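A short worksheet on the structure shown next.
Please treat every number below as a calculation from the coordinates, not as lab data. All of these numbers come straight from a predicted model, not from anything done at the bench. A quick note on method: Cβ atoms are made from the backbone with ideal geometry, for glycine too, and the neighbour counts reach across all protein chains shown.
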Amino acid sequence: MQYYSTNKKACDVSLQEAVVKGLAPDRGLYMPERIAQLPTHFFEQIGDSSLQDISKTVAEAFFGEDIPKDELDAIVNGTLSFEIPLKKVEEDIYVLELFHGPTFAFKDVGARFMARMLSHFVMERQQTVNVLVATSGDTGSAVANGFLGVEGIRVFVLYPSGKVSDIQEAQFNTLGQNIVALEVDGTFDDCQALVKSAFMDDELNNRIKLTSANSINVARFLPQSFYYFWAYAQLIGRGEFAKRVVSVPSGNLGNLTAGLFAKRMGLPIDRFIAANNRNDVFREYLQTGQYRPRASVQTIANAMDVGAPSNFDRILDLYSHSHKAITHDVSSYRYSDEEIKAAIKNVYRESGYLLDPHGASAYLALKEGKKPDETGIFLATAHPAKFKESVEACVGIPIEIPDGLAAFMQHKKQSIALPNDFNLFKKELIGRS
Ligand SMILES: *Cc1c(COP(=O)(O)O)cnc(C)c1O
């Protein structure tokens, strides 16, 4: 399968090149040239199928021409070695818990899949590949842990100093081995800009091999479509047959875009809701047709603090730039920190269910946007214990930290301070390669 750039000014490339390059040379994002419609019998049997089997079918539709079936199956099995349960929170409202992976956040799915796919391709090459990742929190931990100890790969994690929670930080700046954590004196958008500049720097790219693991990479964002099928399967398994709407806590829009791909493959989800915090560039686009990227502001749901969502161009491309077509499938709402905190408190009081701030925004958007004849699913993208202080302040009880998460806090910080300066960043990259 070939991959084209959303900017249409670069050549089409193979899967291997799209995965290793990350971003296209014209700064566009790679898109698969075809999106296969899955057959009727797949949907007829889906209620009895496992997460792994469903995911293998979806993975084959995208990657089957380029990776032998047994290897692709192994990549899927290696990725999805944890549960993704669907739970009923209240009447007509379900939560899909995406946070049972090693770093307790949904990005584990994409990061683990990408690590395995990249390692499959790197084995065919001789040179070490340097993975660059800018993070506002959870990407860094998911990528660092997904790639930890993988041969032939070095990971540089850039994160905004003082803007990431202690638990998030400990998950990528204590690892050592092939993981280098760079603590940038700036915002998440500055980190993202440094990474983008690195990919555009000819001298640097001639000296070392760079790739990205942000949600722009096709190997990271496409696998996120798997669990939309799994959510549907679990609803069918429970005999829920009403129309379906899915609410997605959105930042860079990778998760939402993967859901829209699933819909394009024939998954019967009627529509999507994108939940925004105060960083509501996407909501504004849906309402006005104007896209005005801007600096991000800090909120309690910090993994959604994105002012220029990188996957926006993929959504435009998927819908042939039709604002009307996009708003037919997607609506959006935005919430302040106070509204998110109140939701965490109220849902806990009324149903005993503990939300994290990201999931809480998706819950609120679902409550606001769901029609009476629809079954709603919202995605819970992080374990509430990852945001222990904020969540405890809302519910007034101590939150237990799962063992796997507490273990990260025991280790020593090993990050390197970096001013927001591209030349210094370049020196670090060359010096450590
Ligand atoms: C990354 C992240 C998001 C936003 O996902 P996008 O794919 O960037 O839109 C939401 N919640 C959590 C916990 C995250 O880590």
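Pairs of Cα atoms under 8 Å, at least six residues apart: use those to get the relative contact order of the stretch 250-397, whole percent.
The normalised contact order for the stretch 250-397 reaches 24 percent.
Report the net charge of residues surrounding residue 125, where surrounding means a beta-carbon distance below 15 angstrom and charges are Lys +1, Arg +1, Asp -1, Glu -1.
Net charge in that neighbourhood comes out at 0.
Would you please put 198-209, 238-249 in order of how densely packed they are, using the mean number of other Cβ atoms within 10 angstrom per residue and starting with the highest?
238-249, 198-209
Tally Lys and Arg at +1 and Asp and Glu at -1 over the other residues with C-beta under 11 Å from the C-beta of residue 375: what net charge comes out?
It works out to a net charge of 0.
Rounded to the nearest 5, what % of DSSP beta bridges with both residues in the chain are antiparallel?
20 percent
Indicate the gyration tensor shape class of the stretch 99-168 (rounded, prolate or oblate), computed on the Cα atoms with a ≥ b ≥ c the square roots of the eigenvalues: a/c under 1.5 is rounded; otherwise a/b larger than b/c is prolate and the rest oblate.
Since a/c reaches 1.5 but b/c is at least a/b, the shape of the stretch 99-168 is classed as oblate.
Restricting to DSSP H runs of at least four residues, report the calculated mean residue ellipticity at 222 nm for the chain, -39500 (n - 2.57) per run over all residues, nearest 500 deg cm²/dmol.
-13000 deg cm²/dmol
For the peptides 352-363, 333-344, 83-94, what is the packing order when you average, over each peptide's residues, the other Cβ atoms within 10 Å and list the highest mean first?
352-363, 333-344, 83-94
Over the alpha-carbon set of the stretch 181-332, work out the extent along each principal axis and list the three values in angstrom, largest first.
56, 33, 32
Where does the charge balance sit around residue 167 when Lys and Arg score +1, Asp and Glu -1, over other residues with C-beta under 12 Å from its C-beta?
Taking every other residue near residue 167 into account, the sum is -3.
How high is the relative contact order of the stretch 171-303? Use alpha-carbon pairs under 8 Å, at least six apart in sequence, and give a whole percent.
Relative contact order, the stretch 171-303: 18 percent.
Would you mind putting 100-108, 125-133 in packing order, based on average other-beta-carbon counts within 10 Å, highest first?
Highest to lowest by the protection proxy: 100-108, 125-133.
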